[in-house]
Amino acid sequence: MTTRLQPGDPAPDFTLPSDTGDEVSLTNLRGGKVIVYFYPAAMTPGCTKQACDFSESLDRLQAEGYTVVGISPDKPEKLAKFRERDGLTITLLSDPDKEVLTAWGAFGEKKLYGKVVQGVIRSTFVVDADGAIEHAAYNVKATGHVAKLRRDLGLD
């Protein structure tokens with residue numbers, strides 16, 4: 001069973017390559033609030049909707065001090081195509097070994113079309129300025145999730 005993070009837990013640190021080839025570390029984002037979300041695959045309908053929703057909300061989120069980071073097992077080259085194709089403005093990170101996904105409880109058993117499979121569990125976290133989990137949501141829906149998160153954070 002995958003261990004799930006709870007509010008108050010320290011956020012597991014990571015350093016991952018982005019779609020632009022830069023390395024992004026969670027520790028380098030300390031001092032501000034970070035929304036870390038995990039999604040199964042770039043350029044699929046649900047993941048595209050979610051990434052576009054985060055991109056459309058980015059100005060508002062940044063104005064409130066949030067950085068948004070999306071993580072998937074996709075290689076940086078695929079993430080670059082995803083950004084270009086859909087005009088995404090959020091940071092996209094690659095975790096092909098699924099080590100970060102696993103550390104955050106976002107990879108493991110899930111139900112897909114009634115079958116239990118191993119895969120990415122669509123999840124979103126808010127990390128506070130000190131590096132602790134402030135908000136943890138597993139098995140989120142791709143559609144409408146960003147609007148719900150904004151409401152939960154008092155941004156609407």
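Laboratory data are not the source of any read-out in this text; all were calculated from the coordinates shown. On a predicted model such as this, the values are computed, not experimentally measured, just so you know. With ideal geometry, Cβ positions are generated from the backbone for all residues, glycine too; neighbour counts draw on all protein chains shown.
Key figures
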item: Residue ID - nearest to Asp53 (Cα to Cα), chosen from residues in the range 132-156 that are surrounded by 18 or more Cβ atoms within 10 Å (Cβ to Cβ) and among the aliphatic types (A, V, I, L, M); result: Val146
item: Residue that is farthest from the chain's Cα centre (by Cα), among those in the range 62-82 that are crowded, with 20+ Cβ neighbours inside 10 Å and over 25 Å from Asp128 (Cα atoms); result: Phe82
item: Subset of the range 9-61 (residues that are surrounded by 15 or more Cβ atoms within 10 Å (Cβ to Cβ), farther than 21 Å from His135 by Cα and in contact with a Pro (Cβ under 7 Å, 6 or more places away or on another chain)); result: Pro17, Ser18, Asp19
item: Flag for Pro96 being touching a Lys or Arg at 6+ places or on another chain (Cβ under 7 Å), without any contact (Cβ under 8 Å) to a residue 60 or more places away in the chain and surrounded by fewer than 18 Cβ atoms within 10 Å (Cβ to Cβ); result: yes
item: Residue list for the range 111-131, restricted to those being assigned to a loop (DSSP other than H, G, I, E, B) and either touching a residue at least 24 places away in the same chain (Cβ under 8 Å) or buried (at least 16 other Cβ atoms within 10 Å of the Cβ) (or both); result: Ile121, Arg122, Asp128, Ala129, Asp130, Gly131
